[in-house]
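The values are calculated or read from the model by the stated rules, or taken from the named source; none is laboratory data. Just so it is clear, the structure is predicted and the values come from calculations on it, not from any experiment. Cβ placement follows ideal geometry from the backbone for every residue including glycine, while neighbour counts extend to all protein chains displayed.
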Amino acid sequence: MFFLVGLYHGYEKPCDSNDFLKDFIEEARDVVINGVEINNSNKKVIIHTFCTDAPAKSFILKTKGHAGFHSCTRCTQDGKYIKNRMSFPFKEGGYKKRTHDDYVNMTQELHHVSTLSDLIHVPGIDMVNSFSMDYMHLVCLGVVRKLINLWIHEPLRTRLPNWKIKQISSSLIHLKLYIPNDFARKPREIEFINRWKATELRQFLLYTGPIVLKKVISKNVFDNFMALSIAMTLLLRPDKMHDKIINYAENLLIYFVKTFQNIYGDHLASHNIHGLLHICDDYRRFGPLDLCSCFSFENFMKTLKSMLRKHEQVVKRNEEKCKNEMINTDFLQDVILSNEHCDGPLIENTCGPQYLRVEIKNKININTKKTADKYCLCDIAVAPPYGALGVERLRSCTPSPSPRLCSRMRRASSRGRSPTAVNQFTTHVRA
Ligand SMILES: [Zn+2]
């Protein structure tokens, strides 16, 4: 559940983040030090993560922007200006990692713009590691979009001929039929890459890209892409991974960064490409990357924006919505069966009536009329079409799906929206 902790309005970006955050910092200090009273019980409040894109992060931390020489918030690597671009070429062994004390003491002065952020006065915030790398902006909107643009536009040695671009687009459109309703969007032609939302880029990286690119792009480019795809698939698993697997994902990302430079050139090793080297540290600190990404906050933005459009009092409407959600918690578990029929076939030991659709609110939506929506991904197999099942069997299957199944289905869905100015500062507060 999301709690709105602050909503700001203005016609331009604020000049000073300390002014912008003044009220938040005062309130955050209060709740972190004193806790909050809920039902006569004092609950401890911990600020878990700040999820932002790179410009918002440097604005809040008062550090160099992502085009600056000393802009990496996690390590001390200096950028290099190559072919009119700020680049961060890979170095074996990496660079010294920054710490909270390094930030507070301004150990590397060139990293800072002026003064420190007043957030240092809020207890428990690590000014380096509490700010996640946010894979929505860094990987999906950053690296994946960059890769596709490189295949379409530049450089000449890796640019794909027009007929191959059309072949990839055609394969993506063909896959539309098989994309279940757990995904917010169906695939679109690759030529529209600059209009793709983060959720479409995520779908391409994890699901459709490995299929449509195979045998179309050269082996070294495909292997490079797959290293990123597999690493991110591992880091997005909802269950906690063994250290060996995390290290494996990290090695894949190192391999990706190194081979990326060899294939596309040192000058294209941007701030985002370098940021991949730090993303496994987020997994070690926060767990699966969906727990520290902007995706969930972006989804909440849809609700807030719809309130704004109606010229309503956003805070009041949001408060009412939260109350209703708390009252209707049981309803969320309801199973809705619809489109009754008795056309069969039925499997052994089952009887009618049958239903064409089953919906478990906010979890699973199965529609036997649609190819993409009539299968259910279980732990080890794909379940048969539910249209062929009798109601007894259906009921025994659907009301209580395993938590693992639910989390898989939720993970499979990607309902992120494009970033907006309003979300540049969002906190994830765990009470
Ligand atoms: Zn770094």
Which listed residue is in contact with a Pro (Cβ under 7 Å, 6 or more places away or on another chain) and buried (at least 21 other Cβ atoms within 10 Å of the Cβ), from A269, A231: A269
Restricting region 234-266 to residues that are of a type in the set (A, V, I, L, M) and within 15 Å of the ligand (Cβ to nearest atom), the residue that is surrounded by the fewest Cβ atoms within 10 Å (Cβ to Cβ): I254
Within region 41-82, can you find the residues that are out of contact with any Gly (no Cβ under 8 Å at 6 or more places or on another chain), away from the ligand (no atom under 16 Å from the Cβ), more than 17 Å from T115 (Cβ to Cβ) and assigned to a loop (DSSP other than H, G, I, E, B)? T52, D53
Within region 6-13, is there a residue that is surrounded by 18 or more Cβ atoms within 10 Å (Cβ to Cβ), outside any helix (DSSP H, G or I) and within 25 Å of the chain's Cα centre (by Cα)? no
Restricting the search to region 234-244, which residues are more than 20 Å from the chain's Cα centre (by Cα) and part of a helix (DSSP H, G or I)? D243, K244
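Here is a yes/no grid of residues against (1) assigned to a helix (DSSP H, G or I); (2) on the phi < 0 side of the Ramachandran plot; (3) at pLDDT below 95:
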{"position": "E92", "(1), (2), (3)": "no, yes, yes"}
{"position": "V128", "(1), (2), (3)": "no, yes, no"}
{"position": "M136", "(1), (2), (3)": "yes, yes, no"}
{"position": "V139", "(1), (2), (3)": "yes, yes, no"}
{"position": "I148", "(1), (2), (3)": "yes, yes, no"}
{"position": "E154", "(1), (2), (3)": "no, yes, yes"}
{"position": "R159", "(1), (2), (3)": "no, yes, yes"}
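Here's the yes/no breakdown for (1) within 30 Å of Y375 (Cα to Cα); (2) touching a residue at least 40 places away in the same chain (Cβ under 8 Å); (3) touching a Lys or Arg at 6+ places or on another chain (Cβ under 6 Å):
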site	(1), (2), (3)
Q108	no, no, no
S117	no, yes, yes
M127	no, yes, no
S130	no, yes, no
I152	no, yes, no
L156	no, no, no
L160	no, yes, no
I173	yes, no, no
I190	yes, yes, no
Tell me which of these I336 doesn't satisfy, since it passes every other one: (1) at pLDDT 70 or above; (2) over 25 Å from the mean Cα position of the chain (by Cα); (3) over 19 Å from I364 (Cα atoms); (4) outside any loop (DSSP other than H, G, I, E, B). (3)
For S87, state whether it is exposed (fewer than 14 other Cβ atoms within 10 Å of the Cβ), modelled with pLDDT under 95 and in contact with a Lys or Arg (Cβ under 7 Å, 6 or more places away or on another chain). no
K164 fails exactly one of (1) surrounded by fewer than 19 Cβ atoms within 10 Å (Cβ to Cβ); (2) in a loop (DSSP other than H, G, I, E, B), namely (2)
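On the given criteria, is E250 of a type in the set (D, E, K, R) and in contact with a Cys (Cβ under 8 Å, 6 or more places away or on another chain)? Walk me through it before giving the result.
Details: of a type in the set (D, E, K, R): yes; in contact with a Cys (Cβ under 8 Å, 6 or more places away or on another chain): yes.
For E250, the condition - of a type in the set (D, E, K, R) and in contact with a Cys (Cβ under 8 Å, 6 or more places away or on another chain) - is met.
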Taking only pairs six or more apart or across chains, which ones have beta-carbon atoms under 6 Å, a first residue in region 72-83 that is farther than 16 Å from I279 by Cα and outside the structural domain of D281 (by the TED database), and a second residue that is outside any loop (DSSP other than H, G, I, E, B) and more than 8 Å from the ligand (Cβ to nearest atom)? G79/M86; K80/S87; I82/D266; I82/H267; K83/H267
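Among the residues of region 201-240, write down those that are charged (D, E, K, R) and touching a residue at least 24 places away in the same chain (Cβ under 8 Å). Step through it out loud before you land on a result.
At the first step, the residues of region 201-240 found to be charged (D, E, K, R) are 202, 214-215, 219, 223, 237, 239-240.
Selection gives R202, D223, R237, D239, K240.
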Give me the residue from region 275-294 that is within 16 Å of the ligand (Cβ to nearest atom) and closer than 17 Å to G142 by Cβ and, out of that set, surrounded by the fewest Cβ atoms within 10 Å (Cβ to Cβ). H278
Looking at F297 and the list (1) away from the ligand (no atom under 16 Å from the Cβ); (2) touching a residue at least 24 places away in the same chain (Cβ under 8 Å); (3) under 30 Å from D78 (Cβ atoms), which single condition is not satisfied? (3)
